[in-house]
Amino acid sequence: MKKIIKIFIVCLIVLNPVIVNSAEILQIKSSNTILVGDQNRNLTIGLFCIDVNESDELEATNLLKSEFPRGTKVKIKPFGFKENVLLAKVFNIKGSKEMTELLVAKDLTSEVCTS
């Protein structure tokens, strides 16, 4: 009987789908500063390799907010840290949109380094 219970528990653990909580957009603070979070923690992310002109700041921020509204599930590709802020590229969960590429495509920024 104990062996059957052990087998049942192992099967339950192995065959039961694991619930995965992806990161989601909590706030877009500026054209290059994003707040993302999951169930446990929040993380401030600086977009990697961009430099938005001050005159285009509002338009760039509004574009990011419209394409990546609050609650959008995202994937993060980290590149390093600068002043305790994670530098990363942020993709929607399907991988079809990336924030830096979106800003470059709309001529709101130029990439300051090659990736």
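I'd like the full set of residues that are aliphatic (A, V, I, L, M) and either closer than 11 Å to ILE25 by Cα or touching an Asp or Glu at 6+ places or on another chain (Cβ under 6 Å) (or both), limited to region 77-92.
Matches in region 77-92: VAL90 only.
Inside region 80-100, can you point out the residues that are within 15 Å of ASP51 (Cβ to Cβ) and open to solvent by 30 Å² or more (accessible area, probe 1.4 Å)?
LYS82, LEU87
Working only within region 66-91, note down all residues that are of a type outside the set (Gly, Ala, Ser), farther than 14 Å from LEU47 by Cα and out of contact with any helix residue (DSSP H, G or I) (no Cβ under 7 Å at 6 or more places or on another chain).
Within region 66-91, PRO69, ARG70, THR72, LYS73 meet the criteria.
Here are some residues: GLY46, GLY71, GLY37. Which one is within 14 Å of MET99 (Cβ to Cβ) and within 12 Å of the chain's Cα centre (by Cα)?
None of the others qualify; the one that does is GLY46.
If I go through region 49-76 residue by residue, how many of them are open to solvent by 40 Å² or more (accessible area, probe 1.4 Å) and not basic (Lys, Arg)?
Going through region 49-76 one residue at a time, the tally reaches 12.
The values are calculated or read from the model by the stated rules, or taken from the named source; none is laboratory data. Since the structure is predicted, the reported quantities are computational estimates derived from the model, not experimental observations. So basically every Cβ, Gly included, is an ideal-geometry build from the backbone, and we count neighbours across all protein chains shown. Keep in mind that these areas ignore ligands, DNA and RNA; they rest on the heavy atoms of the full protein, side chains included. Shrake-Rupley method; radii C 1.70, N 1.55, O 1.52, S 1.80 Å.
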